[in-house]
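The values are calculated or read from the model by the stated rules, or taken from the named source; none is laboratory data. Just so we're clear, the structure is a prediction, and the values are computed from it rather than from any experiment. Glycine gets a Cβ as well: all are built from the backbone with ideal geometry, and neighbour counts include every protein chain shown. Keep in mind that these areas ignore ligands, DNA and RNA; they rest on the heavy atoms of the full protein, side chains included. Shrake-Rupley method; radii C 1.70, N 1.55, O 1.52, S 1.80 Å.
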Amino acid sequence: MYNSQLALFVCVADCGSFTRAASKLYISPTAVMKQMNALEAHLDLKLIERSSHGIRLTPAGEVIYRDARFLFDFSQKSIENAKQAMKTYDTTFCVGTSLLNPAKPFMDIWYRVNRDFPGYRLHLVPFEDDHEGILSEIEGLGEKFDFLVAVCDSRSWLDKCSMLPLGSYRKMCAVSREHPLAGKKKLRITDLYGQTLMMVQTGDSEVNDRLRAYLQREHPQIRIEDTPRFYDISVFNRCAETGNVLLTLECWKDVHPGLITIPVEWDYRIPYGLLYAQNPPEDVRRFVEAVRAAMR
């Protein structure tokens, strides 16, 4: 944190002689003098007056000595503060949160197991539900944040993280508040005849692929429009603006104020769970095991 020649100068000033400083620093008096000469040359200042009685500081040396002492004390305090910050960091769990993946479900499980993690604190890390960038957020588990509670049966996501299942959410449909179906308490599949149903592309979600195959086989009267594989707010906006029907989840019923979310007479559900890094640190691993035990 500071210049070694400056430290040597302070030692010489404190000891009052090159010989005593050399003994304290376990180097030769000649080496001490060479380093002092180099420091004075570097600063273009005379710091020490030499005499047969030892050394004394010049006016410039007095200033440098006083400020060097302050620098060393400040440097030491800075290191201590950094160590304390590291201890705090080591006892903090960072939790990702977004519009579609809020932190509340994590808080619900945290208060069931937090007694096993005395001294730990939580830090919420917001991120965007951007369908183009979400995979990099999932890949950042263990770096940007430790945990994320999210809906997930995505093969792409599960290739990049680990997941402890916590439950599941029903597949439902959302329509704009002006849509003819908006007043229904529950939809029959036949209510969707003649409608355009927005749902994710095939190939990434086993549940969505099964539902799509069923609708195409048994209910071809429903038109299907592909959405990006990962929803973001733009998908909900398109539903509200086009009058289409959106395949959604019960946990997203409040995402868009212009949409009504309605249950459907089918039995399709998507799992959600605690996501974390594939190679987590020990405290993250302990937390996952604590949650697993609390769910038994």
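Within the range 109-130, residues that are under 18 Å from T91 (Cα atoms) and in a strand (DSSP E or B) reach no partner that is open to solvent by 100 Å² or more (accessible area, probe 1.4 Å) and modelled with pLDDT under 95 with beta carbons closer than 7 Å at six or more positions or on different chains. For the range 21-35, a tally of residues being in contact (Cβ under 8 Å) with a residue 12 or more places away in the chain and either among the acidic types (D, E) or open to solvent by less than 80 Å² (accessible area, probe 1.4 Å) (or both) returns 5.
Just one residue in the set R238, R269 is more than 16 Å from S205 (Cβ to Cβ) and of a type in the set (K, R); that residue is R238. If you check Q201, Q195 for being out of contact with any helix residue (DSSP H, G or I) (no Cβ under 7 Å at 6 or more places or on another chain) and modelled with pLDDT of 95 or more, only one passes: Q195. Annotation for the range 276-292: at least one member residue is among the aromatic types (F, W, Y) and in contact with a Leu (Cβ under 9 Å, 6 or more places away or on another chain).
Restricted to the range 36-64, and to residues there that are in a strand (DSSP E or B) and among the small types (G, A, S), the residue that is least open to solvent (accessible area, probe 1.4 Å) is G54. Of the residues making up the range 131-144, not one is under 18 Å from W252 (Cα atoms) and either in contact with a helix residue (DSSP H, G or I) (Cβ under 7 Å, 6 or more places away or on another chain) or free of Cβ contacts under 8 Å to residues at least 24 places away in the same chain (or both). Of all residues being basic (K, R), under 35 Å from the mean Cα position of the chain (by Cα) and within 23 Å of D153 (Cα to Cα) in the range 207-257, which is surrounded by the fewest Cβ atoms within 10 Å (Cβ to Cβ)? Just the residue, please. Selected residue: R210. Tell me yes or no: at least one residue of the range 261-269 is under 21 Å from V113 (Cα atoms) and either open to solvent by less than 90 Å² (accessible area, probe 1.4 Å) or in contact with a strand residue (DSSP E or B) (Cβ under 7 Å, 6 or more places away or on another chain) (or both). Looking for residues that are under 21 Å from V113 (Cα atoms) and either open to solvent by less than 90 Å² (accessible area, probe 1.4 Å) or in contact with a strand residue (DSSP E or B) (Cβ under 7 Å, 6 or more places away or on another chain) (or both), one finds none in the range 261-269, hence no.
Which ones in the range 261-280 are over 30 Å from the mean Cα position of the chain (by Cα) and not acidic (D, E)? Correct list: T261, I262, P263, V264, W266, Y268. Scanning the range 246-266 for residues that are under 24 Å from Y193 (Cβ atoms) and either free of Cβ contacts under 8 Å to residues at least 60 places away in the same chain or among the polar types (S, T, N, Q) (or both) yields T248, T261.
Could you say whether any residue in the range 124-135 is out of contact with any Asp or Glu (no Cβ under 8 Å at 6 or more places or on another chain), under 21 Å from S98 (Cα atoms) and open to solvent by less than 50 Å² (accessible area, probe 1.4 Å)? Yes, that holds for at least one residue.
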